[in-house]
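Visitor: Provided herewith is a single structure, encoded as structure tokens, for subsequent inquiry.
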Amino acid sequence: GNSVTQMEGPVTLSEEAFLTINCTYTATGYPSLFWYVQYPGEGLQLLLKATKADDKGSNKGFEATYRKETTSFHLEKGSVQVSDSAVYFCALSALSGNTPLVFGKGTRLSVIA
Amino acid sequence: SAVISQKPSRDICQRGTSLTIQCQVDSQVTMMFWYRQQPGQSLTLIATANQGSEATYESGFVIDKFPISRPNLTFSTLTVSNMSPEDSSIYLCSVIPAVEAFFGQGTRLTVV
């Protein structure tokens, strides 16, 4: 079956540090890949997505590239801010609205000033 | 896209009671998904709700404990029955109109 393996946290970084959160997946076919973010006390919101191999999703300075050869979708940001402190979830989806997302375990990021 | 209104946003309930959570979507969708997020954990799928048929439950979740209604293509409810402190979690509904998933804001439930 489909699965997502995500780097476990917590991760603590100083402001302006470089961030990488690793995510690898196992899936049949060609899934879409997502990063969701959950800020303290809030629901999940989409951070970025990629729907086919070699696509790069980007938003708010975050980037992730869909690497089919390594089955990876690592999240990166060149310079984190305190406001980026949140829990980040990697997820995959079959190409159908009738199939729920499969989530990684989540990575808690804390950015200190 | 889809906008989901979920309520209540939070509640504190006595053990042994039940709570019904509602999700209203601003567009028609075939499937709605219900998740549980225990403290500090990822999302666990409870069940998939399809309009006009019984919900499909994941391993470890049963209809008697988590009855679901799906009366039409824009609305669903999840009831947490006979609650115990172990049911304290965030409950979320979700829809996938195309590829991307959209979530309600979540219901933070505390059972005392």
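Visitor: Based on the Kirkwood radius over alpha-carbon pairs, what value in µm²/s does the Stokes-Einstein equation return for the translational diffusion coefficient of the stretch A:34-113 at 20 °C and 1.002 mPa s?
Guide: 160
Visitor: Could you name every residue in the stretch A:29-74 that has 20 Å² or more less accessible surface in the full protein assembly than in its own chain alone (probe 1.4 Å, ligands and nucleic acids excluded)?
Guide: A:34, A:36, A:38, A:41, A:43, A:44, A:46, A:49
Visitor: Another question about this same structure. Go through the protein assembly as shown and flag any cysteine with no other cysteine's C-beta closer than 4.7 Å, please.
Guide: Lone cysteines by the Cβ rule: B:13.
Visitor: Using only alpha-carbon positions, what ratio does the radius of gyration of the stretch A:14-69 give when scaled by 2.2 N^0.38 Å?
Guide: Dividing the Cα Rg of the stretch A:14-69 by 2.2 N^0.38 Å gives 1.26.
Visitor: When the C-alpha atoms of the protein assembly as shown are aligned to their principal axes, what extent does each axis show, in angstrom, from largest down?
Guide: Here the spans come out as 48, 39, 30 Å, largest first.
Visitor: Shifting gears a bit: Divide, for the stretch B:13-89, the radius of gyration over alpha carbons by 2.2 N^0.38 Å, where N is the residue count. It would help to have the intermediate numbers written out before the result.
Guide: Numbers: Rg = 12.6 Å, N = 77, 2.2 N^0.38 = 11.5 Å.
Computed over Cα atoms of the stretch B:13-89, the ratio equals 1.10.
Visitor: What is the magnitude of the charge dipole of chain A about its Cα centre, with +1 placed on the Cβ of each Lys and Arg, -1 on the Cβ of each Asp and Glu, and no other charges, expressed in debye to the nearest 20?
Guide: I would put it at about 280 debye.
Visitor: Then there's this: With every protein chain kept in place and ligands, DNA and RNA left out, what is the accessible area per residue of the stretch B:57-112? Probe 1.4 Å, answer in Å².
Guide: Computed with neighbouring chains in place, this is 39 Å² per residue.
Visitor: Moving on to the next point. Compute the convex hull volume of the Cα atoms of the stretch B:59-112, divide it by the residue count, and report the result per residue in Å³ as a whole number. Display every interim value, and only then the final one.
Guide: Details: hull volume 5.7 nm³, N = 54.
Hull volume over Cα atoms, normalised by residue count, gives 105 Å³.
Visitor: Further question: Provide Rg and Dmax in Å for the stretch B:46-88, with only Cα atoms included in the calculation.
Guide: Cα only, the stretch B:46-88: 10.9, 32 Å (Rg, Dmax).
The values are calculated or read from the model by the stated rules, or taken from the named source; none is laboratory data. The structure presented is a predicted model; accordingly, all values stated were derived computationally and were not measured. When we count neighbours, we look across all protein chains shown, and the Cβ atoms used for this are built from the backbone with ideal geometry, even at glycine. Areas reflect the complete protein model, heavy atoms only, side chains present, ligands, DNA and RNA absent. Shrake-Rupley method; radii C 1.70, N 1.55, O 1.52, S 1.80 Å.
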